[in-house]
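The values are calculated or read from the model by the stated rules, or taken from the named source; none is laboratory data. Predicted, not measured: the structure shown is a model, and the values here were computed from it. No Cβ is skipped: glycine too gets one built from the backbone with ideal geometry, and neighbour counts run over all protein chains shown.
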Amino acid sequence: MKGKVALEGLEFHAYHGVYPHERSSGNKFEVDIFVETEFEDTAFHDDLSGTINYEDLYSLVKSEMEKPSKLLETVCHAIAEKTLATFRSATNVEVKISKFNPPIGGVCRKASVVVSRSKM
């Protein structure tokens, strides 16, 4: 049966950004991830092996967020690719990363990038 596993509002202090001060002092980021999957029958009988363990999904996201990058697009893509490679039942993934108070020269609560990837 098709379905989705999602983690929303994950918060991280990370070092992504083009400017040197962003890479040295870091910033607050929020990640939302939606994974389309094929649930196995065991998931409907209370067996974790029939679904995507969201603790494992969180660990994957955390690991990628810990790697500094200039662009959020790069981080989103890495999370999406790793998710599809790690979870065999995952068929599609959408990753949204938001940077709070981005340095744009004006007031902006957060700037976001969204990447979607599918298994071929």
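When you go through ARG109, ARG23 one by one, which is the residue that is modelled with pLDDT under 95 and of a type in the set (Lys, Arg)? Don't jump to the end; show me each part of the working.
Working: ARG109 fails: modelled with pLDDT under 95.
Sole residue among the options that is modelled with pLDDT under 95 and of a type in the set (Lys, Arg): ARG23.
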Restricting attention to the range 82-113, which residues are touching a strand residue (DSSP E or B) at 6+ places or on another chain (Cβ under 8 Å) and farther than 17 Å from PHE12 by Cα? THR83, LEU84, PHE87, SER89, ALA90, THR91, ASN92, VAL93, GLU94, ILE104
Among residues of the range 61-120, those that are free of Cβ contacts under 8 Å to residues at least 12 places away in the same chain and either β-branched (Val, Ile, Thr) or in contact with a Lys or Arg (Cβ under 6 Å, 6 or more places away or on another chain) (or both), counted: 3
LYS119 meets each of (1) more than 23 Å from TYR19 (Cα to Cα); (2) among the basic types (Lys, Arg); (3) more than 11 Å from the chain's Cα centre (by Cα); (4) surrounded by 14 or more Cβ atoms within 10 Å (Cβ to Cβ) with one exception, condition (4)
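Within the range 44-53, track down each residue that is assigned to a helix (DSSP H, G or I) and exposed (fewer than 15 other Cβ atoms within 10 Å of the Cβ).
Taking the range 44-53 first, the residues assigned to a helix (DSSP H, G or I) are 44-45, 48-50.
Scanning the range 44-53 gives PHE44, HIS45, LEU48, SER49.
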Name every residue in the range 79-110 that is out of contact with any helix residue (DSSP H, G or I) (no Cβ under 8 Å at 6 or more places or on another chain) and aliphatic (A, V, I, L, M), in order of residue number. ALA80, LEU84, ALA85, ILE104, VAL107
Going through the range 7-43 in order, the residues found to be assigned to a helix (DSSP H, G or I), in contact with a Phe, Trp or Tyr (Cβ under 8 Å, 6 or more places away or on another chain) and crowded, with 17+ Cβ neighbours inside 10 Å are GLU22
crowded, with 19+ Cβ neighbours inside 10 Å, among the charged types (D, E, K, R) and more than 21 Å from GLU36 (Cβ to Cβ) - does that describe any residue in the range 66-84? no
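Take the range 70-105 and flag every residue that is basic (Lys, Arg) and assigned to a loop (DSSP other than H, G, I, E, B).
Quick first cut of the range 70-105, residues basic (Lys, Arg) only: 70, 82, 88, 96, 99.
If the condition is that a residue be basic (Lys, Arg) and assigned to a loop (DSSP other than H, G, I, E, B), then LYS70, ARG88 are the ones that fit.
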